[in-house]
Amino acid sequence: MDSLESRLTDDQLGAQQQLPTPPAITAAMMGYLKQTKPWVRFISIMGFIGTGLLFLLGLFLILGAGLLSSLSRTALGGAPLGLIGTIYAALGCLYFFPALHLFRCAGGIKRALISDQVGGMEDALMHQRSFWRFVGILVLIILILLVLVILCLVGFVIMVAMRGKF
């Protein structure tokens, strides 16, 4: 019984020694993060400013559509300004999230540089992953909408061409 306990202890020690050690954060990695942080922060702040301006433009168009109802029916090929304003405001709200992820990524980089290297690095990478996932999904949606618009335009051209023959 005593040898079984000593074998268990030896097996457990062997298992602990086989665990992978976390990779070290090198000085070069920290230097690259230090150089990247201001750009990440700058792009995130520009994203917040763009989000705010887009939302305000949308709100202005929504409010202006009621005041200028005759203009809203004729502007931009008959598209109502209220609808366009709603789309702008929605896009403004949508663009807020990538800017927020970048801002939080910059905060994680700052934390990694100042004190908690591993925790800050994990936080920065988590928010960077969220940013790129959000942007990737947004690009896929835009590409799908672009294909649908092209198909609709081709269908419209074919319909107009067929009408001309009759």
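How far apart, in nanometres, would the label points at residue 156 and residue 36 be if each is projected 7 angstrom from Cα along the Cα-to-Cβ direction?
Rounded to a tenth, the inter-label distance reads 4.3 nm.
Binned at 5 Å from 0, what are the whole-percent values of the Cα-Cα distance distribution for segment 82-166, short to long?
3, 13, 12, 13, 12, 10, 9, 7, 6, 4, 3, 3, 2, 1, 1, 0
For residue 27 and residue 135 in one chain, what is 0.36 nm times their gap in residues minus the Cα-Cα distance, to one decimal in nm?
In short, 35.9 nm is gained.
A short reminder: the numbers here are calculations on the coordinates, not readings from a lab. Values in this document were obtained by computation on a predicted structure and should not be read as measured data. Methodologically, a virtual Cβ is constructed for each residue, glycine included, from the backbone with ideal geometry; neighbour enumeration extends over all protein chains shown.
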